[in-house]
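In what follows, a single structure is set out as structure tokens and then discussed.
Here, each number is a calculation from the coordinates, and none is a lab measurement. For clarity, every value in this text was computed on a predicted model and none was experimentally measured. Positions of Cβ are backbone-derived with ideal geometry, glycine not excepted, and every protein chain shown enters the neighbour counts.
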């Protein structure tokens with residue numbers, strides 16, 4: 001498509017001589033603008049993908065893909081129900097839980113805070129890999145009896161607790177006394193401390209043996225829910241229908257993760273799409289810079305175009321020469337921006353720590369963003385889409401100036417000289 005003649009002339013035009021620096025500078029700005037736009041778009045999309053993947057992994061790792069709840073205050077006969085749920089094709093686990101909001105206070109003094117107690121069997125806690133593989137102190141071997149709890153690192157740091165410390169847990173109901181109703185609770189010994197990287201869990205989740213939780217919350221032989229995991233969280237609606245069919249005749253509610261977190265993940269998706277549109281404007285502005293730089297180049301090279309036409313160059317050759325000039329700026333900027341974006345995403349945590357050490361500020365507060373690190377997940381099909389869009393916009397931007405150059409009348413151009 002592009003012959004040696006067109007390549008040679010286009011290369012010459014891209015190397016500015018004395019007196020042509022201004023046009024060259026505009027082309028460089030266009031290249032830099034496209035590179036920054038592509039890099040920013042790749043980085044932001046990767047970070048948004050990382051947020052979704054990390055949050056989904058943490059939330060589903062802690063809460064399961066769906067939950068089976070009683071229509072009443074508690075779920076009785078739960079072992080039989082667990083067996084029926086496990087028999088449903090596609091279900092990988094079904095865990096009975098006692099879950100209640102509580103008040104927390106270090107024994108011997110300290111401030112109150114809110115938390116969430118989860119009563120769970122030891123084998124099920126060991127199978128909860130997001131917790132069992134992230135024990136930072138103590139051991140799950142001591143998770144037994146009526147005096148053992150496992151807490152997160154955030155709660156431990158805030159309350160000044162360690163393995164062997166005691167934490168008072170207050171149930172949401174009260175107990176009557178001659179002096180009036182008082183909070184009902186007792187102190188438990190911390191046997192292990194975990195860190196899953198999900199701020200809400202690290203700061204507020206407390207695990208205790210299921211039998212101890214049943215005593216604390218007055219739920220003899222009952223649980224609050226059955227937490228279910230499946231082979232594919234994206235097919236959770238299908239599995240929900242199958243579980244409802246397996247438990248037909250029992251007054252139960254089945255709620256999946258999309259219902260529990262639908263608003264949150266919908267907000268993340270909307271923000272992701274809006275950011276894509278906004279950042280695409282950066283590339284569009286850079287593409288308009290290509291238009292302006294090529295128009296100035298055509299104006300500057302009017303006499304050269306006339307000479308080329310008189311020695312036999314066709315209008316198609318002139319068109320291809322300026323298409324190559326504009327395409328070089330667009331393609332070079334896109335390649336440079338892609339490289340910057342990919343390298344930045346791969347080393348994003350190192351860069352974050354470096355910037356924080358220079359500025360002395362916390363750029364990623366886990367209490368605000370729910371996660372303990374800045375995630376970035378490169379999805380190569382999205383990178384290809386960004387590259388294709390940037391190159392496409394750049395090529396579109398070259399069409400009008402190149403057409404103007406091809407339509408230049410050599411006689412009029414030389415007469416104007």
Footprinting proxy, 54, 271, 211: sorted fewest to most Cβ within 10 Å, the residues are 271, 211, 54
For residue 173 and residue 384, calculate 0.36 nm times their separation in residues minus their Cα-Cα distance, and state this gained length in nm to one decimal.
-> 70.3 nm
Going by average Cβ neighbours within 10 Å, how do the peptides 327-335, 112-120, 130-138, 243-251 rank, with the highest at the top?
-> 327-335, 112-120, 130-138, 243-251
Please give the helix 21-63 orientation as an angle from the longest Cα principal axis of the chain, in degrees from 0 to 90, rounded to the nearest 10.
-> 20
Cα convex hull volume per residue for region 312-354, in Å³, equals 49
From zero up to wherever the largest Cα-Cα distance of region 73-250 sits, split into 10 Å bins and tell me the percent of pairs in each.
-> 10, 34, 33, 18, 5, 0
Which ordering of 402, 165 is given by a fewest-first count of other beta-carbon atoms within 10 Å?
-> 165, 402
Please give the FRET efficiency for residue 132 paired with residue 278, using the beta carbon to beta carbon distance and R0 = 51 Å, rounded to the nearest 0.05.
-> 0.75
To the nearest 0.05, what FRET efficiency results for residue 139 and residue 241 with a Förster distance of 41 Å applied to their C-beta separation?
-> 0.50
For residue 186 and residue 359 in one chain, what is 0.36 nm times their gap in residues minus the Cα-Cα distance, to one decimal in nm?
-> 57.8 nm
Could you give the angle, 0 to 90 degrees to the nearest 10, between helix 262-300's Cα long axis and the longest principal axis of the Cα atoms of the chain?
-> 10
Quick one: Kirkwood hydrodynamic radius for the chain, alpha-carbon pairs, angstrom, one decimal?
-> 26.3
For n ≥ 4 DSSP H runs only, could you compute -39500 (n - 2.57) per run for the chain, divide by its residues and tell me the 222 nm figure to the nearest 500?
-> -18500 deg cm²/dmol
Spin-label point model (7 Å from Cα, Cβ direction): what's the residue 8 to residue 343 distance in nm?
-> 3.5
Ordering of 341-347, 288-294 by packing [mean C-beta count within 10 Å, highest first] | 288-294, 341-347
For the Cα atoms of the chain, what angle does the longest principal axis make with the long axis of helix 236-246, in degrees from 0 to 90, nearest 10?
-> 30
Contour minus end-to-end for residue 71 and residue 114, with contour as 0.36 nm per residue of separation and end-to-end as the Cα-Cα distance?
-> 12.9 nm
